[in-house]
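The block underneath contains the structure these notes are about, expressed in structure tokens.
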Amino acid sequence: MQFQGQILKMTSFNDEPIQYYLNLSGDLIHMNELFGKELTIKHIGFQCVNCQQNKPIYRMGFCKNCFFESPYASDTIIRPELSTAHLGIAERDLEVEKGIQLQPHTVYLAYTGEVKVGVTRNTQIPTRWIDQGATFALPIARTENRYEAGMIEVALKQHVPDKTSWKKMLQDDFEDDIDLADFQRKIKEYFPEDFQKFYSEGEDLWKLDYPYEKPDKVTSFTLDKRPEFTGKLTGIKGQYLGFDGGEFINIRGHEGYVIELGIKN
């Protein structure tokens, strides 16, 4: 069986365990059904997620030109505290930026091998946490727009990481006694004074169940260095496909790559 298409980030559905679908040019392939099967991934080109041209991917699925021009790759996507749509000020395209920034956001704590802080649109719960490979997640603030959430995150990340360590996440050595609610209470004092009103206590703790067992070792590969790879699919966590021997590929990191996917029955 063989498929071909442009890689987009995997679609996931929160279940026990989480169900994953590889998105190749809009065709969804149910990856949970492929555990134990040998897959061959062959890189055959590029397709920018914005202009759709066969140009090398620069970042986030965009070619270099689109990365520096598209409102969907603007600085506020990575750094929400830079948002200005609430002021009516455009960065690249005000209408697009209003659609992204002027909606309710959540500041959260997540456990991804260590406790981290993050920001997401409410409509992306729990997808954002699944994409990060979070074992646990807890909302700690509810804001009206992206700027407010970003300002809270900026203050908190002086005391808690805001990045996910992919190795720690995949090594899956989570601590049974992690208490995110207690952690939240301890960092409450670091909330900016002007944003204390958004603090939210007593939210439900999310626990996420991945189709995954920690391997003895964890290594990653990219299609830039290994344009053709064959391995047996053993598990999925975050946006990482895991293969026998503890080899992983970050699907999110390969958005815009065009591949042939072979499945050996």
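Bear in mind these aren't lab numbers, they're just calculated from the coordinates by the rules spelled out. None of the values given here were measured: they were computed from a predicted structure. Here Cβ is always computed from backbone atoms with ideal geometry, including for glycine, and neighbour counts include all displayed protein chains.
The table that follows gives values for the structure above.
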item	result
Only listed residue being of a type in the set (Gly, Ala, Ser) and closer than 18 Å to Gly253 by Cα, chosen from Gly61, Gly113	Gly61
Near pairs, Cβ below 6 angstrom, 6+ apart or cross-chain, from region 247-265 (under 15 Å from Met31 (Cβ atoms)) to any residue that is among the β-branched types (Val, Ile, Thr) and surrounded by fewer than 19 Cβ atoms within 10 Å (Cβ to Cβ)	Gly262/Thr40
Yes/no for Leu233 being surrounded by 18 or more Cβ atoms within 10 Å (Cβ to Cβ), touching a helix residue (DSSP H, G or I) at 6+ places or on another chain (Cβ under 6 Å) and under 28 Å from Lys42 (Cβ atoms)	yes
Strands (runs of 3 or more DSSP E) fully within region 1-44 counting 3 or more residues that are surrounded by 14 or more Cβ atoms within 10 Å (Cβ to Cβ) and in contact with a Gly (Cβ under 9 Å, 6 or more places away or on another chain)	2-13
Among the residues listed as Glu193, Glu213, the single one being farther than 23 Å from Tyr20 by Cβ and acidic (Asp, Glu)	Glu193
Test for Leu82: is it of a type in the set (A, V, I, L, M, F, W, C), over 26 Å from Trp206 (Cα atoms) and loosely packed, with under 13 Cβ neighbours inside 10 Å	no
Verdict on Val96 being of a type in the set (Val, Ile, Thr) and within 22 Å of Tyr199 (Cα to Cα)	no
Matching option when the condition is of a type outside the set (Phe, Trp, Tyr) and surrounded by 18 or more Cβ atoms within 10 Å (Cβ to Cβ), among Glu144, Glu114, Glu201, Glu153	Glu153
Asp209 vs. criteria of a type in the set (Asp, Glu) and closer than 16 Å to Ile140 by Cβ	no
Verdict on Ala73 being of a type in the set (Gly, Ala, Ser) and either more than 22 Å from the chain's Cα centre (by Cα) or loosely packed, with under 15 Cβ neighbours inside 10 Å (or both)	no
